[in-house]
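S.K.: After the structure tokens below, expect a handful of questions from me.
The values are calculated or read from the model by the stated rules, or taken from the named source; none is laboratory data. It should be emphasised that the depicted structure is a prediction, and the values quoted were computed from it without experimental measurement. Note: ideal-geometry Cβ built from the backbone for every residue, glycine included; neighbour counts use all protein chains shown.
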Amino acid sequence: MELIRILIIIVSLLPFAASDRQGDALYDMKLKLNATGTQLTDWNQNQVNPCTWNSVICDSSNNVVQVTLASMGFTGVLSPRIGDLEHLNVLSLPGNKITGGIPEQLGNLSSLTSLDLEDNLLVGEIPSSLGHLSKLQLLILSQNSLNGSIPDTLATISSLTDIRFSGNNLTCGANFANACVSSSSYQGASRGSKIGIVLGSVGGVIGLLIIGALFIICNGRKKNHLREVFVDVSGEDDRRIAFGQLKRFAWRELQLATDNFSEKNVLGQGGFGKVYKGALPDGTKIAVKRLTDYESPGGESAFLREVELISVAVHRNLLRLIGFCTTQTERLLVYPFMQNLSVAYRLREFKPGEPILDWTARKRVAIGTARGLEYLHEHCNPKIIHRDVKAANVLLDEGFEPVVGDFGLAKLVDVQKTSVTTQVRGTMGHIAPEYLSTGKSSERTDVFGYGIMLLEVVTGQRAIDFSRLEEEDDVLLLDHVKKLQREGQLDAIVDRNLSSNFDRQEVEMMMQIALLCTQGSPEDRPSMSEVVRMLEGEGLAERWEEWQQVEVSRRQDYERMQQRFDWGEDSIYNQDAIELSSGR
């Protein structure tokens, strides 16, 4: 019996041991990358479960499956301990300054489907151990300083559909070419798929043309449907992105899943169409967004391009895209069903008997939404501007973890550009003034929307409420809150549904951040990374003191102008009186 009890204890501790091992590997990765004091601050060695860490995604069994750390300025090396993350599907570290070589231990990641180390300072040869990654689909090593021959072991990976090596000093040896001819498994590599191979040297170009011809020869005998053999000798990166795990649904599948798009299954409706609740044959619950106002030159190809790019924005606080469907007349996006619906629903539309969104959950909404937007703005390339940030577009999963959804208005922006001019779309009350007046949106447009969303979270009210006209002139929530803030009426600001169950100091902090985010000039607003730091208790006091000084100055200027206006009216009035009372 004692032996059985010991075995039970050991088995019960196995999940924690796995999390601890993964946490140790990730923490070593953080150290080797030379992360600064403000980077990966929640990657804490004393925190057992790494699934709560930013930029880390786990599956339902708490296995780390995705690590995405793009354009964060890391200057260190890759840790061999990454090879301990045996369940990892995606490893993405593009746009940093990582030095050293590619650890051969990456060949241990048997579940890896996507490896992106583009635009770093990596040197040495590509380890042949990468040929062990039998599930690999996307391999991006372009814009580094790698040298030597491409390992012929890569030719044995039948799932590999997109390879990019431009900007290196690599050569295509005979071994790699011969591997194509002799390997029956590789003969099926391009069957019904899109092959992309990008090299960066003159020798590589010649070898590439040979390989391209060999691909056709290797597959021609099978009469399979080769859609494209992509050859790029210019060295320019067109940022092609594979669909990865996205599923292309048939129209009939989604029609059946939603009971023929029944009105009883409508979850919500916006300017871009309706969202329907549905269920797949295996019981998976989904939300299907049926676009009715899809405006995009190029039709289906433009839609697919946008789907591709948005699908690579993978973060625990962003709504994951499952798949899509296109017909001649329809565009549909498929997402996982969010059990607790939207933040707006939990604030204002919940049914009697349903629990309110408590203060702890509201704080989680604030920080989670900020982290999701920070990822879109600062870690995606091209970066993504959401353009309709509001409580209705922040959804809540079964654990009330917030995820930013509805990319229907999202625009992809080149990192070299500061703004994008387009047709103004969004929701009144949430739209930044400069976007409304000029049509130019930027990351700071989203910051404004986030600030309004914070006000929604604290007050529970809508961004525009015409019922306030009965008592005051402030129809806009922002004006209403500013007035109460000036008058020191904090209790009148907080959602009455919370009663007294909130932290007064945290409310003040959140209100201050909201007002900083909604300043009239976009240049004065903080970035989303600064917002995250302020929510975590860093740098708010200084910014708030500056804001108050500016506001006092603006208020004084306004009052002086008002006094001049009043004096002018009196002067005119008195002059008229003098003229009327003079001698007739």
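S.K.: In the range 432-467, what count of residues is obtained for those that are in a loop (DSSP other than H, G, I, E, B), more than 30 Å from Asn501 (Cβ to Cβ) and modelled with pLDDT of 85 or more?
M.R.: 2
S.K.: Next up: Every residue in the range 492-524 that is exposed (fewer than 14 other Cβ atoms within 10 Å of the Cβ) and under 26 Å from the mean Cα position of the chain (by Cα), please.
M.R.: Once the filter is applied, which keeps residues that are exposed (fewer than 14 other Cβ atoms within 10 Å of the Cβ) and under 26 Å from the mean Cα position of the chain (by Cα), the range 492-524 yields Gly520, Ser521, Glu523.
S.K.: To continue, here is another question. Collect the residues in the range 331-381 that are assigned to a helix (DSSP H, G or I) and among the hydroxyl-bearing types (Ser, Thr, Tyr), keeping them in residue-number order.
M.R.: Once the filter is applied, which keeps residues that are assigned to a helix (DSSP H, G or I) and among the hydroxyl-bearing types (Ser, Thr, Tyr), the range 331-381 yields Tyr345, Thr360, Thr369, Tyr375.
S.K.: If you don't mind, another one. Check every one of the strands (runs of 3 or more DSSP E) wholly within the range 50-100 and list those with 2 or more residues that are out of contact with any Pro (no Cβ under 9 Å at 6 or more places or on another chain) and either farther than 19 Å from Ser111 by Cα or at pLDDT 85 or above (or both).
M.R.: 64-68, 90-92
S.K.: Could you tell me how many of the residues in the range 136-148 are under 27 Å from the mean Cα position of the chain (by Cα) and without any contact (Cβ under 8 Å) to a residue 40 or more places away in the chain?
M.R.: Of the residues in the range 136-148, 4 are under 27 Å from the mean Cα position of the chain (by Cα) and without any contact (Cβ under 8 Å) to a residue 40 or more places away in the chain.
S.K.: What residue, among those in the range 41-72 that are among the hydrophobic types (A, V, I, L, M, F, W, C) and free of Cβ contacts under 8 Å to residues at least 24 places away in the same chain, is farthest from Leu319 (Cα to Cα)?
M.R.: My answer is Trp43.
S.K.: Additional query: Considering every residue within the range 343-359, establish whether at least one is in contact with a Pro (Cβ under 9 Å, 6 or more places away or on another chain) and without any contact (Cβ under 8 Å) to a residue 60 or more places away in the chain.
M.R.: Yes, that holds for at least one residue.
S.K.: Return the pairs, sorted by first residue and then second, in which the second residue is buried (at least 16 other Cβ atoms within 10 Å of the Cβ) and among the aromatic types (Phe, Trp, Tyr), the first residue lies in the range 103-116 and is touching a residue at least 24 places away in the same chain (Cβ under 8 Å), the beta carbons are less than 6 Å apart, and the residues are 6+ apart or on different chains.
M.R.: none
S.K.: Would you be able to say whether some residue in the range 248-270 is modelled with pLDDT under 65, outside the structural domain of Ile140 (by TED's automatic domain parsing), within 30 Å of Ala391 (Cβ to Cβ) and under 23 Å from the mean Cα position of the chain (by Cα)?
M.R.: No, the conditions are met nowhere in the range 248-270.
S.K.: Go through (1) of a type in the set (D, E, K, R); (2) surrounded by 17 or more Cβ atoms within 10 Å (Cβ to Cβ); (3) without any contact (Cβ under 8 Å) to a residue 12 or more places away in the chain and name the single condition Arg316 misses.
M.R.: (3)
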